[in-house]
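All remarks here apply to the structure that follows.
The values are calculated or read from the model by the stated rules, or taken from the named source; none is laboratory data. Owing to the predicted nature of the structure, the values given are computational and were not obtained by experimental measurement. With ideal geometry, Cβ positions are generated from the backbone for all residues, glycine too; neighbour counts draw on all protein chains shown.
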Amino acid sequence: MTTSSVIYTVGEVARIVRVKPATVYRWINSGQMAHMRCGPGTVRITGAQLQEYLASCTHTASNVPPTGMASGTSAGQKDDAPTARAPALGTKPLPADSVRSLFGPE
């Protein structure tokens, strides 16, 4: 079975991309993420639809602050904010192999 033929629930997609299910529903309701409705209150996302959405998520240089600077700091000011967000209590990071296995070899 290929990755694109796998069908995910909203909760599974949320765990894969490490967001809350409400965020996935927001992407769906705004039209940003393709999906299938399989009955009242049942939404599914195929592997291909997830790949398409993730490929569309890009950051441009105009909306990413320079390294070491948070938005709102000016050049020359030191940013004391942490550079990475700590995971929420009770959550475990996804193993890199499980994320890579979703999309096959590079």
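Values for this structure:
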read-out	value
Close pairs from the stretch 20-35: first over 18 Å from residue 7 (Cα atoms) and at pLDDT 95 or above, partner of a type outside the set (A, V, I, L, M) and in a loop (DSSP other than H, G, I, E, B), Cβ under 9 Å, at least 6 apart	26/32
Output for the stretch 40-54, where each listed residue is at pLDDT 90 or above and either loosely packed, with under 10 Cβ neighbours inside 10 Å or among the basic types (Lys, Arg) (or both)	44
